[in-house]
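For reference, the structure is listed below as structure tokens.
Each reported figure results from applying straightforward, stated rules to the coordinates on display, with no laboratory input. Computed from a prediction, not measured in an experiment: that's the story for all the values here. Please note: Cβ atoms are built from the backbone with ideal geometry, for glycine as well, and neighbour counts cover all protein chains shown.
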């Protein structure tokens, strides 16, 4: 379940980047950046998730999802204001 939520929140961000830029490349670079940053943080700055106690794991996920939601809300608002609330045909 946790990975599904992560992917959903990342998809909103990557989609907003694609829409705002008019090009697929910022979304491609963001995807690569997410993968690299996640791996770097997970392997260098924290203990493996599978070894964390359940409370620590879900606490980490709650903080991660909160940050994703804030970033997604900012980008969705930006897209809404840029388009005037209308999607292109």
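Here are the numbers:
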read-out	value
Cα long-axis angle, helix 25-44 against the chain (0 to 90 degrees, to the nearest 10)	10 degrees
Helix axis angle, 54-83 relative to the chain longest principal axis, alpha carbon, degrees	10 degrees
Helix-only CD estimate at 222 nm, as mean residue ellipticity for the chain, using -39500 (n - 2.57) per DSSP H run (n ≥ 4)	-27500 deg cm²/dmol
Structure-derived P(r) over Cα pairs in 10 Å bins from 0, in percent - corresponding label in (1) 18, 60, 22, 0; (2) 15, 41, 29, 12, 3; (3) 11, 18, 15, 23, 26, 8	(2)
Peptide ranges 66-75, 51-60 listed from the most packed, as the mean C-beta count within 10 angstrom indicates	66-75, 51-60
Relative contact order %, the chain, counting alpha carbon pairs below 8 Å whose residues are six or more apart	41 percent
